[in-house]
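First up is the structure itself, then whatever we jot down about it.
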Amino acid sequence: MGKNKIHTILVDCDGVLGDFCGAFLNVFNGIHGTRYKAEDINDFDIINVIPELESDEFWKLCNMEGFCRGIEPITGAIDAIDELRELGLDVVCLTAPMRGPYWIRERYQWLTEEFDFKWSDIVIASRKELVHGDVLIDDKLLNLKNWRNSHNDGIPIIFNAPYNVDADYSEYPCPGWWSFDTWEQIVGFIAKQII
């Protein structure tokens with residue numbers, strides 16, 4: 001991908017725009033009296049890390065009314081989305097759905113209120129590789145690999161988190177991907193690609 005070829009930025013929500021892990025741990029710790037912190041979660045599947053957590057409880061807590069709207073934005077994410085828009089880029093939130101009666105409604109509300117996304121700029125899809133864009137920013141290696149395999153010229157960007165920094169990248173070969181710790185780094189990288 002050469003300069004000035006970037007038009008559409010696809011951005012994952014949980015773990016990229018919003019601190020899903022922190023929100024979940026606040027609820028879980030409050031119920032169980034535990035003290036798990038985000039840095040304790042070293043696997044993408046939180047159920048593999050917390051011995052007290054069963055799959056049914058995970059889904060129950062995630063699907064409580066108000067949970068999705070209570071997620072805090074990742075540091076720098078709001079400003080970064082504004083900056084990408086100011087660069088003239090089309091920013092689309094590409095988020096996977098969760099089970100439950102409140103999730104999709106609350107996700108749309110949260111994205112429109114926190115990030116000023118229009119409803120037409122929110123795509124809910126588990127198979128992110130089906131959605132075209134020039135860049136995908138995600139925290140899940142498998143999503144990036146599958147998307148890159150379908151978009152040879154696309155730029156996959158991994159948003160680092162405690163649960164993915166030690167991942168075995170050889171399991172998810174994905175040529176041309178980039179890895180960043182902060183939104184400031186991501187915006188700087190993208191800005192250099194289009195200038």
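Tabulated data
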item	result
Tally, over segment 116-126, of residues that are farther than 17 Å from residue 106 by Cβ and either touching a Pro at 6+ places or on another chain (Cβ under 9 Å) or modelled with pLDDT under 95 (or both)	2
Lone qualifier among 99, 105 - being in contact with a helix residue (DSSP H, G or I) (Cβ under 6 Å, 6 or more places away or on another chain), surrounded by fewer than 18 Cβ atoms within 10 Å (Cβ to Cβ) and either of a type in the set (A, V, I, L, M, F, W, C) or within 29 Å of residue 65 (Cβ to Cβ) (or both)	99
Residue within segment 155-164 that is more than 29 Å from residue 50 (Cα to Cα) and surrounded by 14 or more Cβ atoms within 10 Å (Cβ to Cβ) present	yes
Some residue of segment 153-176 being modelled with pLDDT of 90 or more, among the charged types (D, E, K, R) and more than 20 Å from residue 45 (Cα to Cα)	no
Residue 53 more than 26 Å from residue 129 (Cα to Cα) and assigned to a loop (DSSP other than H, G, I, E, B)	yes
Which numbered condition residue 65 misses (of (1) assigned by TED's automatic domain parsing to the domain that holds residue 14; (2) closer than 22 Å to residue 25 by Cα)	(1)
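The values are calculated or read from the model by the stated rules, or taken from the named source; none is laboratory data. Bear in mind the structure is a predicted one, so any value in this text is a computation, not a measurement. So basically every Cβ, Gly included, is an ideal-geometry build from the backbone, and we count neighbours across all protein chains shown.
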